[in-house]
Structures are given as C-alpha cells and as structure tokens.
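All remarks here apply to the structure that follows.
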Amino acid sequence: MIKNMTINFFLNEKRIKMNGEIPIYARVILNREKFELSTKLTLKNPNDWDEITQRLKTKSPLNKSLAAIEHDLDESYNFLKYNNKVLSITNLKNQFLGGEYENPKLKVFLIEHYEKNIKGNSLYEVSTQKSFNSAICHLKNFMTSTNKNHKYLSEVDLKFINDFEYFLCNGNESYPMHLMRNSINKYHIKFKTILNKAIEQKLLAENPYRGFKIKNVPGRLTFLTSDELTSLKKHSLGNNKCLQRVRDIFLFSVYTGLRFTDAISLKENNIQRDWKNYWITFIQKKTDEQSRISMLNKAVEIFKKYESERKMTGYVLPRITNQKLNVYLKVIAELVKIEKPLTHHVARHTAATTIFLENDISMEVTGKQLGHRSIRSTQIYAKVTNKMLQKSATHLNKIL
C-alpha cells in the first residue's frame with residue numbers, strides 16, 4: 001500500500017499570544033490521519049502570510065526555518081519507510097519529536113479485536129452477545145460518521161471516548177439518536193469490557209476509560225400496584241389461551257421474583273418439596289450462584305397447572321422467547337388497560353415492591369428471595385407506595 005504524506009503550514013489564530021503575535025503551526029497528514037504541532041515560530045502581521053505558498057511573502061529567516069522543519073519531517077518519514085518501521089501517524093510524530101515507536105504487534109484494528117475475542121464467544125450468553133452487538137453497531141456508526149473506520153486499539157484515547165459519548169447522546173444528521181441514559185451507560189460498559197480484553201492480551205497499556213466518568217442516573221422502576229395486579233389476574237383476556245399462558249409466565253415471576261432466563265429454564269428437578277413447602281433450587285444465570293427460594297402458594301398453583309405439559313417438555317413453564325413474551329404482554333396491557341410499559345422484568349419489580357416489601361417482608365428476606373448479592377441491590381426497590389402510607393396511617397391512628 002502506498003503511503004502518502006502531506007505537510008501544510010498555517011497561522012493558528014486560536015492561539016494568538018498576549019503581544020499579538022500569531023503562532024505558525026504544521027499540519028501533517030498520513031493516510032488520512034493527522035497531527036498538528038507548533039513550529040515555535042510566530043508572525044506579527046497576518047498580511048505578510050501567503051496561504052498558497054505557506055510562507056512569508058517577503059524574504060525572511062522564517063521561510064528558511066519552515067523549510068528546515070519540512071525537511072526534518074520528510075527525513076522522519078523516509079527513516080520509517082526504509083528501516084522497516086510501521087508507517088503510522090503516531091510513529092511519524094514520535095520519530096520527529098524523539099518519542100518511542102509503536103510495536104507492530106499492537107497494530108490491531110478495534111473492530112477486528114472485537115470480532116476475534118468477543119463476537120461468537122461461547123463464554124457469553126446470547127443476551128450478552130446481543131448487547132455487545134448493539135454497542136458495536138453504534139460504535140461503527142460513530143466511526144463511519146467521523147471518518148474513523150480504521151481505528152487501531154492503540155489510537156483509542158479519552159478524546160475518542162468523549163466523542164463517542166457525545167454521539168450516543170446527540171447523534172448527527174446521518175444517525176439521529178434518541179437513547180436513554182441507562183442505554184448509553186450499557187454501551188460504554190460493553191466498550192470498556194472490549195478494551196479490558198485488549199489489556200489482558202497486552203495490546204493496551206491501560207484503559208482510556210480510567211479518565212472517563214460514566215454518568216449514573218437512577219432508573220425508574222416500573223411495577224404493578226396491587227389493584228393493577230388484581231385486574232390482570234381477573235381479566236378474561238378474551239379467553240385467548242395463548243395470552244393466558246403468557247399471563248401465567250408473568251405471574252409466576254411476580255410470585256417468585258425470578259428473572260425470565262431463570263424462570264423459563266426451570267425443570268422438574270429444580271422444584272423440591274418437603275412435608276409442607278415447595279422450594280425452587282437453581283443456579284442464577286446472571287450471577288452463576290446457587291439459590292434456594294420458597295414458593296408462594298400462587299406460584300405453586302401455576303406450577304401444578306402445567307403438570308401434563310411439563311411431562312412432555314421437561315420444563316416447569318410453557319416454552320416461549322422473551323422477545324415474543326414481551327410482544328404479547330403489550331397486548332395484555334392494552335386489554336387490561338394498564339398504561340405502564342409491560343415487560344417480563346416488570347414482574348420482578350412487582351415481586352420486590354408489591355408482593356414482598358409492601359407486605360412488610362424485610363429488606364434482607366426480599367434480597368434473598370431475589371437472589372441479590374448485596375442489600376444495596378435490594379434498596380433500589382424501597383419505594384414508598386400508597387398502600388404502605390395507608391398502613392402507616394392506620395397503625396398511627398390506633399396508637400393515637
């Protein structure tokens with residue numbers, strides 16, 4: 001591949017000195033990448049500068065100095081070219097300024113690194129892979145819109161990340177964006193993971209995210225109130241068996257607090273029974289930790305309802321994907337006239353808030369039921385509901 005370099009000198013009027021002198025800068029372009037540097041030369045009168053020749057219009061020692069700088073840059077370029085060095089903008093700059101060379105082994109493209117180490121890696125769940133793919137899709141769009149398609153890992157710096165943040169928040173004419181803060185944060189976390197993988201392989205010295213602070217915004221948890229839950233359970237759903245099955249899957253997580261992946265993966269051997277109670281014993285997909293939770297009677301009813309189907313499939317609940325389940329839940333929400341965005345994860349929020357905490361179950365027990373590692377994870381559900389306020393008022397009225 002032919003490597004071309006161009007050198008342009010210009011007056012940097014953004015950096016005018018206190019005495020009114022204008023610095024002269026050099027802009028070096030190599031393979032569509034560039035760097036700018038100060039020549040440490042200044043000009044008092046901008047009218048003396050010729051934009052075409054990029055020199056002073058009259059004879060001046062400054063012109064000789066600029067020619068010398070141009071010669072030194074050419075020498076730096078030729079040194080790299082004829083001494084088997086990587087012809088990159090970074091190496092050119094370092095050769096000219098006396099810095100260190102880039103290791104050719106580190107010339108790994110960002111997207112190639114992702115495709116080799118993350119994409120299709122069996123260590124990641126399908127849902128995690130989808131999240132990585134979404135992050136990379138936005139990253140590719142950002143790089144395309146800023147002419148950074150062929151970005152090396154070693155060239156990803158704090159400015160690149162800040163520009164990516166601005167793109168995710170605002171987009172541009174080609175890629176308009178309407179992302180929520182939490183979605184933006186998820187993409188940053190995935191990109192950060194990709195760069196951490198490069199550090200493990202010694203392709204990066206440190207993660208540029210060290211200088212970037214992800215802006216955390218408390219999420220608004222959607223849950224069903226006890227009245228909404230009652231309406232959902234009592235509605236006929238047009239006697240549609242498919243919608244009724246979807247409702248049962250949703251309600252199973254309302255009364256167990258299980259995530260979709262954990263609930264849909266349950267098999268008969270995950271359900272244990274002692275002389276009095278039913279228990280669910282399983283390994284959480286998200287945390288890979290062993291959990292054992294007690295089943296409420298309403299969850300047991302749903303479990304027994306699908307006994308004949310369970311004997312054929314081996315699974316506790318009817319088979320369906322999370323995506324299709326959420327499509328049907330939107331239909332159910334319209335029928336029941338629930339105005340909240342209904343997804344399966346709302347069942348888990350409802351379990352924490354409406355089923356456990358609102359009925360005076362302690363934060364510690366609620367956390368255990370939800371499979372949280374830390375009480376801090378449970379505290380995000382500690383919302384004061386109308387029912388809690390009513391209970392408090394009734395209790396105080398009795399005392400007073």
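Summary of computed values
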item: Subset of region 14-70 (residues that are part of a loop (DSSP other than H, G, I, E, B) and under 44 Å from the mean Cα position of the chain (by Cα)); result: I16, K17, N31, R32
item: Set I214, I184: member being over 13 Å from D157 (Cα atoms) and surrounded by fewer than 16 Cβ atoms within 10 Å (Cβ to Cβ); result: I214
item: Filter result (closer than 15 Å to L97 by Cα and touching an Asp or Glu at 6+ places or on another chain (Cβ under 6 Å)) within region 34-53; result: none
item: Filter result (among the small types (G, A, S), in a helix (DSSP H, G or I) and more than 14 Å from T256 (Cβ to Cβ)) within region 339-372; result: G367
item: Check on R32, touching a residue at least 60 places away in the same chain (Cβ under 8 Å) and of a type in the set (K, R); result: yes
item: When residues of region 229-249 are limited to those that are surrounded by 11 or more Cβ atoms within 10 Å (Cβ to Cβ) and without any contact (Cβ under 8 Å) to a residue 12 or more places away in the chain, the one nearest to A263 (Cα to Cα); result: Q244
item: Wholly within region 213-312, helices (runs of 4 or more DSSP H) carrying at least 1 residues that are among the hydrophobic types (A, V, I, L, M, F, W, C), under 30 Å from the mean Cα position of the chain (by Cα) and more than 23 Å from E358 (Cα to Cα); result: 241-254, 260-264
item: Members of region 152-170 that are more than 16 Å from the chain's Cα centre (by Cα), among the aliphatic types (A, V, I, L, M) and either at positive phi or surrounded by 17 or more Cβ atoms within 10 Å (Cβ to Cβ) (or both); result: L153, V156
item: Test: residue in region 200-221 that is under 24 Å from L168 (Cα atoms) and β-branched (V, I, T); result: yes
item: Residues being assigned to a helix (DSSP H, G or I), of a type in the set (A, V, I, L, M, F, W, C) and either out of contact with any His (no Cβ under 8 Å at 6 or more places or on another chain) or not assigned by TED's automatic domain parsing to the domain that holds L123 (or both) - total across region 165-212; result: 6
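The values are calculated or read from the model by the stated rules, or taken from the named source; none is laboratory data. Keep in mind it's a predicted model, so treat the numbers as computed, not measured. Using ideal geometry, Cβ is built from the backbone for each residue, glycine included, and neighbour counts are taken over all protein chains shown.
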